[in-house]
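The values are calculated or read from the model by the stated rules, or taken from the named source; none is laboratory data. Source: prediction; values computed, not measured. For accessibility, only protein heavy atoms count, side chains too; no ligands or nucleic acids. Shrake-Rupley method; radii C 1.70, N 1.55, O 1.52, S 1.80 Å.
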Amino acid sequence: MSEIERLQQMLAAGAGAQADLSAQLAAHSDPTVRLLAEMWGRREEEKVAEEQAEPLPAVDPLDVDDLGLPGQLDARTLRRHVEHLELELGRLQEINDTLAAALGACEVCWGDDPECETCRGRGGPGSLPPDRALFERLAMPAVRRLRSSQPGPAGREGRPLAHVLPIEDRATTPERREG
């Protein structure tokens, strides 16, 4: 039987034979074979260690008191902060809804979301009838200011007023009209 056949039989025989093979290879006269035997032994040790190791949780449990935040914020302080943020969010939603009504825009996405359940992305400013009283109160002061600072129908640099405004009217682009 050749040495290769004997090695193949030892590999197929199981852990005991593999340990014998590993010992024989480690004592081999060729330094390359010894190095390979050493690497093989390490790989086997790593496999055993991995099999015995406890699986790590997908997410470490979070304890807000142990976050190490400045001033060691406790759970009660964080809850108060969340309540404050919820109040601020409610106020900002009110402002958003009021301005959307004044400009005749979708209060959910302002025409920026083709998957919006309210307007399907067609709710940009002017797509709905603006609330005249809100428009007068909120938008007209800005319009009057723009008109008074412009030397005519074009902007200071001679560009049309549409190029001076920082917002583009997405609701009037061909993609929005067709969408």
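Expected output is a single nm value to one decimal: the length gained when fully extending between Ala49 and Gln93, i.e. 0.36 nm times separation in residues minus the C-alpha distance. What is it?
That works out to 10.4 nm of additional length.
When the solvent-accessible surface of protein heavy atoms is calculated with a 1.4 angstrom probe, in what order do Ile95, Ile4 fall, highest first?
Ile4, Ile95
How much length is gained if the chain between Glu86 and His28 is pulled fully straight, taking 0.36 nm per residue apart and subtracting their Cα-Cα distance, in nm to one decimal?
13.6 nm
With θ set to phi - 60° and the Karplus curve 6.51 cos²θ - 1.76 cosθ + 1.60, what are the ³J(HN,Hα) couplings of segment 82-93 in order, to the nearest whole Hz, using x for Gly and Pro?
5, 4, 4, 5, 5, 4, 5, 4, x, 5, 5, 5
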